[in-house]
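Notes follow once the structure below has been shown.
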Amino acid sequence: MECVPCHGGTAPLRGAALRSLLRSLGHGWKTVEDHRLEKEFKFDDFKSALAFTNRVGEVAEEQGHHPDIHLAWGRARVVLWTHAVEGLTQNDFILASKIEGLSRPGSS
């Protein structure tokens, strides 16, 4: 799936729909206050965390949906939400799934 442009006026995901998408995503992603989606990825060193962060940036640009990324030695925390609706949309879960794929061995 691909992210699609989102405009204000759309209600953010809530309740069962939000929980269902979170279960489908899995892999340690969590919602915070039903407002944002986040996960911290662990790495053996700074260089690997930075390389992952750069790959996330490339995918975010392709999708036109941009997460907050907090980079530190051996870790990168990704935080997603859709600013236009002040909450979570399907785009956040689509991008999270793509980011999850980047973290697996053999991904580039």
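The values are calculated or read from the model by the stated rules, or taken from the named source; none is laboratory data. All values derive from a computational prediction rather than experimental measurement. Positions of Cβ are backbone-derived with ideal geometry, glycine not excepted, and every protein chain shown enters the neighbour counts. For accessibility, only protein heavy atoms count, side chains too; no ligands or nucleic acids. Shrake-Rupley method; radii C 1.70, N 1.55, O 1.52, S 1.80 Å.
Of note:
- Strands (runs of 3 or more DSSP E) enclosed by the range 1-73 - at least 2 residues per element that are of a type outside the set (A, V, I, L, M) and surrounded by 17 or more Cβ atoms within 10 Å (Cβ to Cβ): 36-42
- Within the range 74-108, considering residues that are modelled with pLDDT of 95 or more, part of a strand (DSSP E or B) and open to solvent by less than 50 Å² (accessible area, probe 1.4 Å), the one farthest from C6 (Cα to Cα): A76
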